[in-house]
Amino acid sequence: MFKTRQNERHDVSHQTYPPVDRHVDDPEAAAASGRRKMEWARQHMPILAALREQFTETEPFAGETVGMAMHVEATTANLATLLADGGAEVAITGCNPLSTHDDVSTALNDYESVTSYAVRGVDDEDYYAAIEAVIGHEPTVTVDDGMDMVAAIHEDYPELIDSIVGGCEETTTGVHRLRAMDEDGELDYPVFAVNDTPMKRLFDNVHGTGESALSTIVQTTNLSLASKHVVVAGYGYCGRGVAKKAAGQNANVIVTEVDPRKALEAHMEGYDVMPMREAAAVGDIFVTTTGNRDVITREHFEVMDDGVLLANAGHFDVEVNLEQLDDLAVDRYEARDGVEAFEMPDGRRLNVLADGRLVNLAAPVAQGHPAEVMDQSFGVQAVCVRELVANGDDYEAGVHEVPDELDREVAEVKLDAEGVDYDSLSEDQRAYMDSWQHGT
Ligand code: NAI
């Protein structure tokens, strides 16, 4: 339920950052536009709809405060309102300086029990101030995309950790960081690796990233993929999706990898596989999906053709080394909205999309993944929050796999909504599958 605009939000003692509606010129119009986007997404998120029915009735989050740092666009907003409808107080900010939709953030801030601090285009200082403002609500559950909130709590507000039942992490890079933290013995509450579930990774990372990264590149540049050499760096879940969808749009796909099995997999799919130093000389469009740094660097920029497009779909803006590109450039200018041209001494122009930040969320026209895909990811998030609130004491500090039955529950709701029926095991089949005695 949306608040009336007159309602004052609660006082937050160490809130240092103004909520979003002080950043938009016309909050009423922004909120109306945000609500429309949320409503459209909501119509295509049947899992969240089923959970909303359940949570509104049972209020499993009554008395809990959920602190979220995620890409604040329409689908995420529906997760936030779902948790609020389930009784939680929700405080949310962005997990990337460029991915917030200010209209959605404004609408979200108008929702009962939700405060949004997310603003598009913030600098580093304001980005972290907004995370601190969320932490000021003293969350008992955290929901992160990239782990910045978990890190801020551990580094600056360790006194809150005792009252946090647990957290959920949305993306591969966040899970990597959490595992590294856990291995160092520094992670002091349980966190579910939502990213690693089949219901998330096989759909969001593969189809979501594939579709939204490519459609954003095409919309941002108004250029075709057909007949282009599209270089996909990293053939993990995201890279697989980008490669498949690019091939489906008649591009010639080249894959670069550092893992021999992934390189072989890409080769057997029929893609050209080669090192980046070779791919750099033939590629027209580059899409990085490695979660690693310095994937495209000076030696590659030096051999690229005039007019190439450089886009990143990995979590952080470190995959294309923009400092080195800037060093080489004699000029840089905005070539189109969301496209910055770096002019080389010999006149070649290398075009960087969305400041090298994840293109499908940070480009001006970006909308993030399709709603149906995020319905699955956020369905898993929602049941994980429910599990933490109900049984958080059962989980020790550290990174945890999401219990399989929760992932299955979300898949069943989705199949039901899609009207897809499927088989189940008979007792004999179950016994057979569980037995080691049956041979030939
Ligand atoms: P993944 O671990 O499945 O795949 C990464 C692949 O990159 C691996 O196969 C690895 O061997 C390869 N790689 C690492 N360093 C490399 C290098 N220098 N050159 C070439 N290949 C290299 O990870 P996943 O799930 O595909 O995620 C990749 C990134 O995308 C992460 O940062 C993740 O957080 C992010 N992500 C972005 C989304 C978006 O909306 N744009 C959605 C989901 C994930």
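For this structure, a couple of remarks:
- The set of residues from the stretch 392-440 being small (Gly, Ala, Ser) and closer than 30 Å to VAL175 by Cβ comprises GLY392, ALA397, GLY398, ALA411, ALA417.
- Screening the stretch 299-333 for residues that are among the charged types (D, E, K, R) and within 26 Å of the chain's Cα centre (by Cα) and picking the one that is farthest from VAL287 (Cα to Cα) gives GLU323.
- Residue match in the stretch 166-182 (condition: of a type in the set (D, E, K, R) and open to solvent by less than 10 Å² (accessible area, probe 1.4 Å)): yes
- From the list VAL389, VAL330, the lone residue that is over 24 Å from THR173 (Cβ atoms), in the same structural domain as ALA88 (by TED's automatic domain parsing) and open to solvent by 10 Å² or more (accessible area, probe 1.4 Å) is VAL389.
- Residue in the stretch 190-205 that is within 15 Å of the ligand (Cβ to nearest atom) and over 22 Å from the mean Cα position of the chain (by Cα) present: no
- The listed residue being open to solvent by less than 60 Å² (accessible area, probe 1.4 Å) and more than 16 Å from the ligand (Cβ to nearest atom), out of GLU343, GLU319, GLU302: GLU343
- Among the residues of the stretch 160-178, those identified as within 16 Å of the ligand (Cβ to nearest atom), among the polar types (S, T, N, Q) and part of a helix (DSSP H, G or I) are THR172, THR173.
- Selection count where residues are under 20 Å from LEU353 (Cβ atoms), touching a strand residue (DSSP E or B) at 6+ places or on another chain (Cβ under 9 Å) and open to solvent by less than 80 Å² (accessible area, probe 1.4 Å), scope the stretch 254-293: 15
- Search result, residues across the stretch 265-278 that are more than 10 Å from the ligand (Cβ to nearest atom) and outside any loop (DSSP other than H, G, I, E, B): HIS267, MET268, ASP272, VAL273, ARG277, GLU278
- Residues in the stretch 208-233 that are within 13 Å of the ligand (Cβ to nearest atom) and touching a Lys or Arg at 6+ places or on another chain (Cβ under 8 Å) were compared, and the one that is most open to solvent (accessible area, probe 1.4 Å) is GLU211.
- Restricting attention to the stretch 346-384 and to residues that are touching a Phe, Trp or Tyr at 6+ places or on another chain (Cβ under 7 Å) and either aliphatic (A, V, I, L, M) or open to solvent by less than 10 Å² (accessible area, probe 1.4 Å) (or both), the residue that is farthest from the ligand (Cβ to nearest atom) turns out to be LEU350.
- First in the stretch 267-293 and over 19 Å from VAL206 (Cβ atoms), second anywhere and part of a helix (DSSP H, G or I) and open to solvent by 50 Å² or more (accessible area, probe 1.4 Å), Cβ under 6 Å, 6 or more apart: none
- Of all the criteria given as (1) assigned to a helix (DSSP H, G or I); (2) more than 15 Å from GLN367 (Cβ to Cβ), the one not satisfied by ALA77 is (2).
- Check on TYR157, away from the ligand (no atom under 15 Å from the Cβ) and open to solvent by less than 10 Å² (accessible area, probe 1.4 Å): no
- Filter result for ASP306 (in a loop (DSSP other than H, G, I, E, B), over 20 Å from ASN252 (Cα atoms) and at pLDDT 95 or above): no
The values are calculated or read from the model by the stated rules, or taken from the named source; none is laboratory data. Keep in mind it's a predicted model, so treat the numbers as computed, not measured. All Cβ positions, glycine included, derive from the backbone under ideal geometry; neighbour counts span all protein chains shown. The accessibility values were calculated without ligands, DNA or RNA, using every heavy atom of the protein model including side chains. Shrake-Rupley method; radii C 1.70, N 1.55, O 1.52, S 1.80 Å.
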